[in-house]
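To start, the structure under review is shown below, and the notes come after it.
The values are calculated or read from the model by the stated rules, or taken from the named source; none is laboratory data. Model, not experiment: these values are computed from the prediction. Cβ placement follows ideal geometry from the backbone for every residue including glycine, while neighbour counts extend to all protein chains displayed.
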Amino acid sequence: MAQPKARPEPAEGASVITDKMRAQIGVESEPLTFEVDKTACRMFARAVGYTDPIYFDEEQARSNGYRSIPAPVGFLGHPVYNPNAPQRLGGYFRTDTPFKRILNGGTDIEYFDTICAGDVLTATSKLVDLSEREGRIGPMLITVTETTYRNRDGKVVARMRGTGIQY
């Protein structure tokens, strides 16, 4: 059986964080459009085990003061797909490092307003921090990104902060 190739490790004391990577800190991405629709809200609610009828029945949602079915906590819509435009994902920072594996180190979402089916959100992302750590699995690159979601009026409705771990 062939042995997997060992990944190159950074030289002792050498940083994998380059000046080019540092220059990306604070740079805001181009906006990306997300649509929040009833079916996706229902599917997300079902997938995470929510049973409150407001996530499934629009009349129940309206009788509870919502404009439509509310987006379940953790769901901020789906990016609008255009087959004639290059596709990209917001909130992801690409690096040229020797690390081949990526792990989600956590996601926090702060809400500033209610998001409901029918809403169209615009999201911009930026890299807010880069750091290196040594762990049991070896050297790691920690990236923190922040994505801000705005409604049609430009009002911030949510901010998501995510941590990525490359190793």
Of everything in segment 101-124 that's over 14 Å from the mean Cα position of the chain (by Cα) and small (G, A, S), which residue is nearest to F75 (Cα to Cα)? A117
Per the list (1) closer than 27 Å to T145 by Cβ; (2) at pLDDT 95 or above; (3) out of contact with any Pro (no Cβ under 7 Å at 6 or more places or on another chain); (4) not hydroxyl-bearing (S, T, Y), residue check on R42 breaks on (1)
Being touching a helix residue (DSSP H, G or I) at 6+ places or on another chain (Cβ under 9 Å) and among the charged types (D, E, K, R) is the filter here; which residues of segment 13-56 pass it? K38, R42, R46, D52
Output the number of residues of segment 1-39 satisfying the condition of being modelled with pLDDT under 90 and of a type in the set (S, T, N, Q). 2
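Return yes or no: is D108 under 21 Å from I25 (Cα atoms), in contact with a Lys or Arg (Cβ under 6 Å, 6 or more places away or on another chain) and at pLDDT 95 or above? Steps first, please.
Values: under 21 Å from I25 (Cα atoms): yes; in contact with a Lys or Arg (Cβ under 6 Å, 6 or more places away or on another chain): yes; at pLDDT 95 or above: yes.
So D108 passes the test.
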Name the residue that is surrounded by the most Cβ atoms within 10 Å (Cβ to Cβ), counting only residues in segment 93-118 that are over 30 Å from R152 (Cβ atoms) and among the aliphatic types (A, V, I, L, M). I102
Filtering segment 21-61 for residues that are part of a helix (DSSP H, G or I) and without any contact (Cβ under 8 Å) to a residue 12 or more places away in the chain leaves a count of 7
The condition from (1) surrounded by 16 or more Cβ atoms within 10 Å (Cβ to Cβ); (2) modelled with pLDDT of 95 or more; (3) not in a loop (DSSP other than H, G, I, E, B) that L76 misses is numbered (3)
Please specify each residue of segment 126-139 satisfying the condition of being over 20 Å from the mean Cα position of the chain (by Cα) and not β-branched (V, I, T). E132, R133, E134, G135, R136, G138, P139
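Please determine, by comparing only the residues of segment 50-72 that are β-branched (V, I, T) and buried (at least 16 other Cβ atoms within 10 Å of the Cβ), which one is farthest from T39 (Cα to Cα).
Just the residues of segment 50-72 that are β-branched (V, I, T), to begin with: 51, 54, 69.
This time we only want the ones that are buried (at least 16 other Cβ atoms within 10 Å of the Cβ), so: 54, 69.
Numbers: I54: 13, I69: 9 Å.
Out of the qualifying residues, it is I54.
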